[in-house]
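This report concerns only the one structure given below.
The values are calculated or read from the model by the stated rules, or taken from the named source; none is laboratory data. Computed from a predicted structure; not experimentally measured. Neighbour counts run over all protein chains shown; Cβ positions are idealised from the backbone, glycine included.
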Ligand SMILES: NC(=O)c1ccc[n+]([C@@H]2O[C@H](COP(=O)([O-])OP(=O)(O)OC[C@H]3O[C@@H](n4cnc5c(N)ncnc54)[C@H](OP(=O)(O)O)[C@@H]3O)[C@@H](O)[C@H]2O)c1
């Protein structure tokens, strides 16, 4: 029995104009899904449009805009959420809590708002897949803030799966992935961080976004998966 039924399915990828979201959009579109990606940066939106994806300007931090978008879009089959920012990393003693609050504001709350706004429009046969982070499990120094955000989100999946059945809810929890998420560190610092982390990762390298997209595709397409977190981290946790 084939478990991937993505042909003609209507999929929205919130934060799908870059990195993991963009790789997922291309993967699902190649399977025949009708994919719409959302984001804020007009340059990234244009580039996504050039890749023959439907691209829609939408800020997931704006609840009124989310409600209006999902109402006008109508019924959808699958929602994937890959929004986030590079904020919130650092050893706890020195962690700037304003920075950590900002990290929650840029990932935790917009993700919950996106799910709530979309829920009335998701078909009962549909699903929600979020991207959390393996900081929730890896227990590495410098990641307690990120662990709080992503661990909290992961804990919600099983409860949402029970409360909101038969809609399915899952998370993909990646380790280090080579995406623009790291660009704010600058090219040299990014390369140094990747080198130092790679030495700690059992597979010896950071992930490519397409590898995470592969796990997302599995969760979206497999109708027996719900309430689960797939950790795809090269073994670091
Ligand atoms: N890269 C990693 O090493 C790594 C590791 C673990 C977990 N993750 C998680 O994976 C997810 C995806 O990260 P990525 O690495 O693919 O990062 P990315 O390349 O920076 O992509 C993030 C995407 O989210 C969009 N976005 C951010 N805030 C948004 C908002 N308020 N409304 C709408 N769109 C928004 C961005 O577009 P605009 O800025 O144009 O809006 C962009 O398309 C994040 O949740 C991140 O925490 C990443």
Report yes if some residue within region 13-27 is closer than 23 Å to residue 103 by Cα, crowded, with 24+ Cβ neighbours inside 10 Å and modelled with pLDDT under 95; otherwise report no.
-> no
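Looking at 138, 117 in this structure, which one is touching a residue at least 40 places away in the same chain (Cβ under 8 Å), surrounded by fewer than 24 Cβ atoms within 10 Å (Cβ to Cβ), out of contact with any strand residue (DSSP E or B) (no Cβ under 6 Å at 6 or more places or on another chain) and over 22 Å from residue 237 (Cα atoms)?
After ruling out the rest, the residue left standing is 117.
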Output for Cβ contacts, cut-off 6 Å, separation at least six or different chains, first residue in contact (Cβ under 8 Å) with a residue 24 or more places away in the chain and more than 19 Å from residue 233 (Cβ to Cβ) in region 167-187, second within 9 Å of the ligand (Cβ to nearest atom) and not in a loop (DSSP other than H, G, I, E, B), reads 180/19
Can you tell me which of 48, 65, 30 is over 17 Å from residue 130 (Cβ atoms) and more than 10 Å from the ligand (Cβ to nearest atom)?
-> 30
Sole residue being near the ligand (Cβ under 8 Å from one of its atoms), touching a strand residue (DSSP E or B) at 6+ places or on another chain (Cβ under 6 Å) and under 21 Å from residue 171 (Cβ atoms), chosen from 39, 84, 16 = 16
Would you please list the contacts, defined by Cβ atoms under 8 Å and residues six or more apart or on different chains, that run from a residue in region 56-84 that is modelled with pLDDT under 95 to a residue that is in a helix (DSSP H, G or I)?
-> 84/106; 84/181
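Can you tell me how many residues within region 141-158 are under 18 Å from residue 223 (Cα atoms) and either without any contact (Cβ under 8 Å) to a residue 60 or more places away in the chain or touching a strand residue (DSSP E or B) at 6+ places or on another chain (Cβ under 7 Å) (or both)?
Looking only at that region, the number is 1.
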Where residue 227 falls short, out of the listed (1) surrounded by 15 or more Cβ atoms within 10 Å (Cβ to Cβ); (2) over 17 Å from the mean Cα position of the chain (by Cα); (3) at positive phi = (2)
Test each condition in (1) touching a strand residue (DSSP E or B) at 6+ places or on another chain (Cβ under 6 Å); (2) surrounded by 22 or more Cβ atoms within 10 Å (Cβ to Cβ) for residue 66 and report the one that comes out false.
-> (1)
If you check residue 127 against the conditions, is it touching a strand residue (DSSP E or B) at 6+ places or on another chain (Cβ under 7 Å) and either within 30 Å of residue 222 (Cα to Cα) or at pLDDT 95 or above (or both)?
-> yes
